[in-house]
Amino acid sequence: MNLPLKISAVSYLNTFPFVYGILKSGWLENFRLYLDVPSVCAEKLKNDEVDVALVPIGALPDFDHPVIVSEYCIGATGKVKTVLLLSQKPLEQIDNIYLDYDSRTSVKLVRILAEHHWKISPHWINLNPGQSDRPEQLESIVAIGDKTFELVKQYEYIYDLAEEWFRFTGLPFVFAMWLSKKDIPPNLKEQLNLALSYGIQHKSEALEYFTDKLPACGDCLDYLENNISFQFNEEKKKGLQLFLHYIK
């Protein structure tokens with residue numbers, strides 16, 4: 001693999017610790033970092049534009065032999081706050097659900113929950129970029145990322161998809177994993193994991209570094225500490241395998 005190591009990561013609040021660790025830990029020296037929405041991270045890795053990417057798990061079937069390169073992920077063991085079904089109606093009355101352009105994972109997750117957990121059969125309508133910024137036009141939407149902190153103010157009914165998944169399965173949910181299409185040199189893999197670990201251990205510093213980019217989330221540190229779970233442990237692996245089973 002030629003240096004520098006090309007990395008694609010998500011540009012949301014929940015990944016600021018990862019990005020901070022990559023940029024400021026000192027463990028990685030020769031790299032190029034690209035900040036993208038989840039769907040673009042997956043496309044860049046698929047098209048060999050980057051060596052490593054934080055890939056949404058909904059895109060895993062697109063890869064023949066994905067290589068997990070880190071013991072860290074973006075996951076949740078309960079409420080995640082930033083992957084939501086927002087509605088003007090209760091679940092049993094929903095006719096149409098609009099789907100966020102930015103994430104295939106949340107789209108697949110909400111379809112699983114609708115069929116197997118909530119037992120509803122809405123019409124699914126794909127949103128174009130920017131449409132979820134006009135909530136007054138939409139009855140019910142699936143939205144992800146930092147924009148949800150503002151969007152929740154526009155809706156009466158809020159369903160947290162990670163929390164609903166846990167109620168359905170008893171397992172945590174993994175939203176994104178660090179992947180490569182081929183093995184990266186062991187020293188680079190070690191350096192990447194040390195950088196990610198550094199960022200997770202320095203969340204406050206990460207928030208201070210990105211202070212001009214923080215959404216109106218209330219207590220952003222509390223969100224990172226209590227809503228995002230970064231360890232890719234055995235329970236999360238079980239949750240991941242169950243999700244992949246459903247999307248087959």
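The values are calculated or read from the model by the stated rules, or taken from the named source; none is laboratory data. Nothing here was measured: the structure is a model prediction, and the numbers come from that model. Note: ideal-geometry Cβ built from the backbone for every residue, glycine included; neighbour counts use all protein chains shown. In case anyone asks, the SASA skips ligands and DNA or RNA and just uses the protein heavy atoms, side chains included. Shrake-Rupley method; radii C 1.70, N 1.55, O 1.52, S 1.80 Å.
Things to note:
- Selection of first residues in region 210-221 that are touching a residue at least 12 places away in the same chain (Cβ under 8 Å) and of second residues that are assigned to a helix (DSSP H, G or I) and open to solvent by 60 Å² or more (accessible area, probe 1.4 Å), restricted to Cβ pairs under 8 Å at least 6 apart or on distinct chains, gives the following pairs, ordered by first then second residue: PRO215/GLU150; ALA216/GLU150; LEU221/SER204.
- For the residues TYR34, TYR20, the requirement of being in contact with a His (Cβ under 7 Å, 6 or more places away or on another chain) and modelled with pLDDT of 95 or more singles out TYR20.
Let's see how each residue does on (1) under 16 Å from PHE230 (Cβ atoms); (2) under 10 Å from the mean Cα position of the chain (by Cα); (3) assigned to a loop (DSSP other than H, G, I, E, B); (4) β-branched (Val, Ile, Thr):
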residue: ILE7; (1), (2), (3), (4): no, no, no, yes
residue: TYR20; (1), (2), (3), (4): yes, no, no, no
residue: CYS41; (1), (2), (3), (4): no, no, no, no
residue: GLU71; (1), (2), (3), (4): yes, no, no, no
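- Selection from region 51-61 of residues that are within 23 Å of ILE228 (Cβ to Cβ) and either more than 15 Å from the chain's Cα centre (by Cα) or open to solvent by 20 Å² or more (accessible area, probe 1.4 Å) (or both): VAL52, LEU60
- Members of region 165-191 found to be open to solvent by 40 Å² or more (accessible area, probe 1.4 Å) and of a type in the set (A, V, I, L, M, F, W, C), listed by number: PHE166, PHE168
- Of all residues in region 99-113, those that are open to solvent by less than 50 Å² (accessible area, probe 1.4 Å) and either in contact with a Leu (Cβ under 7 Å, 6 or more places away or on another chain) or not charged (D, E, K, R) (or both) total 10.
- Applying the set (1) modelled with pLDDT of 95 or more; (2) closer than 25 Å to HIS245 by Cα to GLY58 leaves exactly one unmet item: (1).
- Screening ASP36, ASP64 for residues that are at negative phi, surrounded by fewer than 16 Cβ atoms within 10 Å (Cβ to Cβ) and of a type in the set (D, E, K, R) leaves exactly one candidate, ASP64.
- For region 222-247, a residue qualifies if it is in contact (Cβ under 8 Å) with a residue 24 or more places away in the chain, outside any helix (DSSP H, G or I) and open to solvent by less than 70 Å² (accessible area, probe 1.4 Å), and the qualifying residues are ASN227, ILE228, SER229, PHE230, PHE232.
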